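The next block holds one structure in the form of structure tokens; read it before the comments.
The values are calculated or read from the model by the stated rules, or taken from the named source; none is laboratory data. Only a predicted model underlies this, so the values are computations on that prediction, with no experimental measurement involved. Neighbour counts are summed over all protein chains in view; Cβ atoms, including those assigned to glycine, are modelled from backbone coordinates with ideal geometry. Protein only, heavy atoms only, side chains kept; ligands, DNA and RNA dropped before computing areas. Shrake-Rupley method; radii C 1.70, N 1.55, O 1.52, S 1.80 Å.
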Amino acid sequence: MHIVVCLKQVIDPEITPKYFKIDPETNRPDKSDTDLVLDSFAENALELAIQLRDKIPGATVTALCLGDDESEEVLRRALAFTANAVVRVWDEEWENLDGQAVGHILAQTIKSLGGVQLVLTGYQASDIEEGLVGPVMAEELGIPCVTLVSDLEVEENSAKATVEVEGGYAVVSVPSPAVFTIISSETNVPRLPKVKDIRLARSKPIVLLESEDLNLDHERCQPGVKLERAYVLKKEVACEVLPGNDGAELASELADRLFALKVI
């Protein structure tokens, strides 16, 4: 069984808010002075893919990432998780891709890899949060798609997915091959890679594919939606220190100030 897991490199969500900036030319987050990490939902998908691989005799995991040279770090992380192979797809002409374009490119890349039984991806990326890539890939590949999946069990010709629904969970079964978008759960908490695997990952090959290697519709490789403007709201915060020598006096001053501001 061949399992493909799609990864994405994003700005570290733990970044201090004052350092988060929007590039005015691209209307995308400015990555120049920030740390880049593997998206958290994609990391859950990677963990689940490795767990399935270890349970199924003969199964293999290929990690796939659309991105420039910097994105190789997330593929090295996948190798440290013991993925069997990693593939990076990129072309310098691709700029500001939306979910539709990314889904098209990844689907055609998956086709070029040969047969695949399971495709796993994060439910949505933490930087854009469109949640489109999984369903678009499934449509391109002509296979079912199940979203909000927390766990998977693989049977002979099908997969049983635990899906988050309002008020709880549901279990659904779909024929393979299929695409699954993964959420975070107690069953797919990312592992801590072993030091040995981290060292080995540094020397393992990364396969690079470019647009001419794939059967792409070049019009569909351009964003279908133009992002006109993205910006960070400016919030003004004022701090006022009230006078007073003890608790009672401070409380009285605070009550008077709140009344004056019509808060109470």
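Once you sort the root eigenvalues of the Cα gyration tensor of the stretch 156-261 as a ≥ b ≥ c, which label holds: rounded (a/c under 1.5), prolate (a/b larger than b/c) or oblate (the other case)? Prolate, because a/c is 1.5 or more and a/b exceeds b/c.
What does the charge count near Val163 come to, summing +1 for each Lys or Arg and -1 for each Asp or Glu among other residues with Cβ under 14 Å from its Cβ? Neighbourhood net charge equals -3. The order of the peptides 177-187, 247-257, 8-18 by mean Cβ neighbours within 10 Å, most packed first, is 177-187, 8-18, 247-257.
In debye, nearest 20, what is the charge dipole magnitude of the chain about its Cα centre with +1 on Lys and Arg Cβ and -1 on Asp and Glu Cβ, if you could check?
The calculation lands at about 780 debye.
Residues whose amide H falls under 5 Å from that of Val86, counting only those 5 or more places apart or on a different chain, are Ala63, Val207, with hydrogens built in the peptide plane.
Taking a ≥ b ≥ c as the square roots of the Cα gyration tensor eigenvalues, with a/c under 1.5 meaning rounded and otherwise prolate when a/b beats b/c, else oblate, which class fits the stretch 84-131? In terms of gyration-tensor shape, oblate.
Using θ = phi - 60° in the Karplus curve 6.51 cos²θ - 1.76 cosθ + 1.60, the 3J(HN,Hα) couplings for the stretch 68-75 round to 7, 4, 4, 6, 5, 4, 6, 6 Hz; x is entered for Gly and Pro.
Taken along the Cα-to-beta-carbon direction at a fixed 7 Å, the label points for Thr82 and Ser185 span 2.2 nm. Applying the Karplus relation 6.51 cos²θ - 1.76 cosθ + 1.60 with θ = phi - 60° to the stretch 199-206 yields 3J(HN,Hα) values of 5, 5, 4, 5, 10, 7, x, 10 Hz, where x marks Gly and Pro.
Comparing Val179, Met1, Val232 along the charge dipole axis of the chain, the residue lying farthest to the positive side is Met1, per the Cβ-charge model.
Take the alpha-carbon positions of the stretch 201-264, form their convex hull, and give its projected area averaged over all directions (one quarter of the hull surface) in nm².
If I average the Cα hull's projected area over directions, I get 13.2 nm².
Summarising the amide proton neighbourhood of Gly131: residues at separation of 5 or more, or on other chains, whose placed amide H is nearer than 5 Å comprise Ala125. Between the amide H of Ala159 and those of Val174, Ser176, distances stay under 5 Å, these residues lying 5 or more places away or on another chain, with hydrogens modeled in the peptide plane.
What pairs from Lys21/Lys160; Lys111/Lys160; Lys21/Lys196; Lys111/Lys196; Lys31/Lys204 go past 30 Å between their alpha carbons?
Table pairs above 30 Å Cα-Cα are Lys21/Lys160; Lys21/Lys196; Lys111/Lys196.
Multiplying the residue separation of Glu212 and Leu192 by 0.36 nm and removing their Cα-Cα distance gives an extension gain of 3.5 nm. Here, the stretch 1-122 yields an orientationally averaged convex hull projection of 7.9 nm² when only Cα atoms define the hull. For the chain, the Cα-based Rg and Dmax, in that order, read 23.1, 77 Å.
The HN-Hα couplings worked out from phi for the stretch 244-250 by the Karplus form 6.51 cos²θ - 1.76 cosθ + 1.60 (θ = phi - 60°) are x, 9, 8, x, 5, 5, 5 Hz, whole numbers, x standing for Gly and Pro.
Heavy-atom accessible surface of the stretch 131-213, averaged per residue, reaches 59 Å², computed with a 1.4 Å probe.
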